[in-house]
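Visitor: Please find one structure pasted underneath; my questions will follow.
The values are calculated or read from the model by the stated rules, or taken from the named source; none is laboratory data. This is a predicted model, so every value here is computed, not measured. Neighbour counts run over all protein chains shown; Cβ positions are idealised from the backbone, glycine included. Quick note on the areas: whole protein, heavy atoms, side chains included, nothing else; ligands and nucleic acids left out. Shrake-Rupley method; radii C 1.70, N 1.55, O 1.52, S 1.80 Å.
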Amino acid sequence: VSAIKPVVAPPADIARRVTMRFCTSFDSPPQEFLDEVKNPAGSNVDIGIAVANLMGVDVEWQSLGFDAIIGGLQAKQCDAINSSLSYTEERDQVVDYALYGLFTDVIIVEGGNPQDIRSVDDLSGKEVGWVTGYATEGLEEIGQMLAEKGLEPLSRVDFSTEADALGALRAGAVDAVTMANVQGDFYVSNQPGAFEVVSGIRVFTREFGFGVREGEKDLQTALSQA
C-alpha cells in the first residue's frame, strides 16, 4: 500500500509510520467482527481499509471492548476509532467525529413476540437488555415517553456484548434487547425465527463514523475527505 500515491494526504505522523491504527470492538456484526479464521471483517472494516488505502498507508487494528474504546483513543493506543461510534453530545465533549452513516435504535424480541411488544407503551415494566458503552439516549427517549404517559418505567439490564444480551433474551432472562438497527437486522436475518425487530419502535436517530482525539483536525479532515 505504501507504494501507492495518496489520493488524500494523511497527517505527517501517519505518513511517516505508513500505518493507520484503528481502535475497533470486533463484536458488532455486520459492521465489525472477526471471521472464522479470526481476521477482521465487516462493512466498517472494509471502509477503514479503503480510507487508509486512499491515504497510501496500511491498517493496524487495536481490539478493545466498546466501553473501553474512547479511553483507548485518548491513551493513544490508536489514531482513530472505527467501531460504529454514533454521535452523542456527551461523546462530542471528548471526541471529534468524521461522520458517514446513520443509525436508529430498535427493539428486538424473541421470535413470535411472546410478550406482544408492539409500541413504546408495551415496554412499561419490562426488562430490556443493552450493551454497556452503547449510547443511552435511545433508552432515555423511551423512558421519557413512558413517563409522559404516567406509565411504569422499563428496567435496563446491562451486558458486555450483543451476543450476551441476545443469549439472555433467548433464555427468557430479559423481555427485549435494544441496539442499532443495522445490528438488529443482521441478527434477525442470521437466525430466522429466533428474533424479530419490533417495527413500531424506532428511536434516537443519529449519525456515526470515525472518532479522533479532540483537536486533531488534520486527521479528522483527511478521514472526512477519504
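Visitor: Only residues that are small (Gly, Ala, Ser), on the phi > 0 side of the Ramachandran plot and at pLDDT 95 or above: list them for region 83-130, please.
Guide: Gly112, Gly125
Let's see how each residue does on (1) among the small types (Gly, Ala, Ser); (2) at pLDDT below 95:
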site: Thr132; (1), (2): no, yes
site: Lys149; (1), (2): no, no
site: Arg156; (1), (2): no, no
site: Ser160; (1), (2): yes, yes
site: Ala163; (1), (2): yes, yes
site: Arg170; (1), (2): no, no
site: Ala173; (1), (2): yes, no
site: Thr178; (1), (2): no, no
site: Val197; (1), (2): no, no
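Visitor: Continuing with this model, one more query. Only one of these conditions is not met by Ala75: (1) of a type in the set (A, V, I, L, M, F, W, C); (2) closer than 24 Å to Asp27 by Cα; (3) crowded, with 16+ Cβ neighbours inside 10 Å. Which number is it?
Guide: (3)
Visitor: Here is a further query. Residues of region 190-226 being farther than 24 Å from Asp122 by Cα, among the aromatic types (Phe, Trp, Tyr) and either free of Cβ contacts under 8 Å to residues at least 60 places away in the same chain or in contact with a helix residue (DSSP H, G or I) (Cβ under 7 Å, 6 or more places away or on another chain) (or both), which ones?
Guide: Phe210
Visitor: Is there a residue being over 19 Å from the mean Cα position of the chain (by Cα) and surrounded by 18 or more Cβ atoms within 10 Å (Cβ to Cβ) anywhere in region 161-168?
Guide: Within region 161-168, none of the residues are over 19 Å from the mean Cα position of the chain (by Cα) and surrounded by 18 or more Cβ atoms within 10 Å (Cβ to Cβ).
Visitor: May I ask you to verify whether Arg118 is in contact with a Phe, Trp or Tyr (Cβ under 7 Å, 6 or more places away or on another chain) and either small (Gly, Ala, Ser) or open to solvent by 50 Å² or more (accessible area, probe 1.4 Å) (or both)?
Guide: No; evaluated as a whole, the condition is false for this residue.
Visitor: What are the residues in region 167-207 that are touching a Phe, Trp or Tyr at 6+ places or on another chain (Cβ under 6 Å) and under 30 Å from Ala98 (Cα atoms), if any?
Guide: Scanning region 167-207 gives Thr178, Ala180, Tyr187, Val188, Arg206, Glu207.
Residues checked against (1) within 12 Å of Phe210 (Cα to Cα); (2) of a type in the set (Ser, Thr, Tyr); (3) open to solvent by 50 Å² or more (accessible area, probe 1.4 Å):
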{"residue": "Phe22", "(1), (2), (3)": "yes, no, no"}
{"residue": "Phe26", "(1), (2), (3)": "no, no, no"}
{"residue": "Val37", "(1), (2), (3)": "no, no, yes"}
{"residue": "Gly42", "(1), (2), (3)": "no, no, no"}
{"residue": "Ala52", "(1), (2), (3)": "no, no, no"}
{"residue": "Asp79", "(1), (2), (3)": "yes, no, no"}
